[in-house]
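Data first, discussion second: the structure below is written as structure tokens.
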Amino acid sequence: MIEVITKYFKHLSDVQKEQYTALGRLYPEWNEKINVISRKDIGNLYVNHILHSLAIAYFIDFKSGTSIMDLGTGGGFPGIPLAILYPEVRFHLVDRIGKKIKVAEDISRQIGLTNVTFQHGDVKEVKGKFDFVVSRAVMDLNEMVPLVKRLISRENINSLPNGLICLKGGDVSGEISKFKKSSLVNDIKDYFEEEYFSTKKIVYVQI
């Protein structure tokens, strides 16, 4: 439950703790109506979905004013857990499946997030500029990088140059071969001790 979050994020405010706690009620409620998380996996919500999303915060600590697009957010991962952690960062959650965006939007409203916007549609329809695009197991890097290139701002304000940050599993060597000079791969097991993360990785590509 919430303890797995507070174990790694010790300086959460009372509001943030309440918001993370509320996710444990709201996602199972919504999942009964719309299958945004595998029914077999909903019991692992905190580790496999919320904490997994927050691994990005161990990779990079976003500065206030950063703008992030979550591509293929589904029911709001990794965008919603990150938006709770970073109330001074703006998040734009995008998905092609309208009912999943509806879930993310409703949950964000119920927990009082004010730093999140939503778009039902394809990435090709997104307008504006972002410091980073984040995603969780959405598509191969070779497909994703050309799609998001035009959306990345040239103004760098964070510790890493702007680009793409993906949560991936297994062997990513084939995917990153084209981007070796502009990419980083970190093992999430270096951050979190839970068995689920033994093969999980963060892949960053500078764009």
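The values are calculated or read from the model by the stated rules, or taken from the named source; none is laboratory data. Just so it is clear, the structure is predicted and the values come from calculations on it, not from any experiment. Ideal geometry is used to build each Cβ from the backbone, glycine not excepted, and the neighbour counts take in all protein chains shown.
Looking at (1) surrounded by fewer than 21 Cβ atoms within 10 Å (Cβ to Cβ); (2) assigned to a loop (DSSP other than H, G, I, E, B); (3) not small (Gly, Ala, Ser), can you tell me which one Ile37 breaks?
Of the numbered conditions (1) surrounded by fewer than 21 Cβ atoms within 10 Å (Cβ to Cβ); (2) assigned to a loop (DSSP other than H, G, I, E, B); (3) not small (Gly, Ala, Ser), the odd one out for Ile37 is (1).
Here are some conditions: (1) modelled with pLDDT of 95 or more; (2) outside any loop (DSSP other than H, G, I, E, B). His11 meets all but one. Which one does it not meet?
So His11 meets the others, but not (2).
Can Ala83 be described as free of Cβ contacts under 8 Å to residues at least 40 places away in the same chain and in contact with a Cys (Cβ under 9 Å, 6 or more places away or on another chain)?
No.
Name the one entry in Asp187, Asp140, Asp131 that is under 22 Å from Glu88 (Cβ atoms) and under 18 Å from the mean Cα position of the chain (by Cα).
Residue meeting the stated conditions: Asp131.
Can Ile84 be described as closer than 24 Å to Gly121 by Cα and at pLDDT below 95?
no
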